[in-house]
1. Looking only at the stretch 118-143, which residues have a backbone nitrogen under 15 Å from a spot 7 Å from the Cα of GLU54 in the C-beta direction?
2. Assuming R0 = 25 Å, can you tell me the calculated FRET efficiency for the pair ALA47 and ILE163, based on Cβ-Cβ distance, to the nearest 0.05?
3. What's the extension gain from ARG106 to GLU76 if we count 0.36 nm per residue and subtract their Cα-Cα distance?
4. Rounded, prolate or oblate: which fits the stretch 46-101 when a ≥ b ≥ c are the square roots of the eigenvalues of the alpha-carbon gyration tensor, with rounded for a/c under 1.5 and prolate only if a/b beats b/c?
5. With the cut-off at 1.5 for a/c, could you classify the stretch 71-190 from its C-alpha gyration tensor as rounded, prolate or oblate?
6. Of the options TYR186, SER142, GLY174, report the single residue whose Cα projects farthest towards the positive end of the charge dipole of the stretch 115-190 (beta-carbon charges: Lys, Arg +1; Asp, Glu -1).
7. What's the magnitude of the charge dipole for the stretch 114-175 around its Cα centre, counting Lys and Arg as +1 and Asp and Glu as -1 at the beta-carbon? Answer in Debye, nearest 20.
8. Please give the Cα centre distance for the stretch 64-118 versus the stretch 122-190, rounded to the nearest Å.
Amino acid sequence: MIRNDRTHIRTRLFIVLGVGAVLLLIGCTTAPATDVTSVGGGISPEAVTESFFEDLQRALQDPNLNQEETRSFWAERLAGYFAPAERDAQRVALRRTLASFAGGLRQLAADETAVFELRGLQPVEKIADDGERALVRLPSASISMTLIRTTERGSFVFYEQTIGLNQVIGRPDGAVPVVKIDGRWYLTEG
């Protein structure tokens, strides 16, 4: 019974950290080898939003996220999707969030594995655009977390939860705000 209580507490902590990671990343709204400087905004509101969430998923699934160098890489890369004036603040928030997320993963027992996945990232739909600011939404997007335990009898899912992305974006309409600067679109806090 003690293990089940510990697992329940650990599971709840992990959910809070995982959902908190997404809230911080959006609501203010082996290490990868990709060049960070190649990332920065997008050619359309939909493109920058889709790319951000794809990279967010890659970051959360990176097996080396427990390493500071890897978290720094992802924080820098993800911050590059935000408007230039917001990047420093986003970089700090992203580093903190990814460290908390990695800490949550370390709370799992040795025989437990977590799978954290963003699903339904397409289609991205633009719901407003005045040429300088836009709102986009990922109507089918969700965050899925599965906890798996492996025993001598095999692996089994002992916890699974899926939450619609619109529930954690931090805006009542579930929209992601973007802004156009010098011909490129960037995520923005508002």
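1. 118-125
2. 0.50
3. Numbers: separation 30, 0.36 × 30 = 10.80 nm, distance 2.27 nm.
Roughly 8.5 nm would be gained on extension.
4. It comes out oblate by the Cα gyration axes.
5. Here the stretch 71-190 falls in the oblate category.
6. Of TYR186, SER142, GLY174, it is SER142.
7. 220 debye
8. Here the two parts' Cα centres lie 16 Å apart.
Read-outs: derived from the displayed coordinates by stated rules, not from any lab. Given the structure is predicted, the values throughout are model-derived calculations rather than measurements. Note that we place each Cβ from the backbone using ideal geometry, even for glycine, and neighbour counts take in every protein chain shown.
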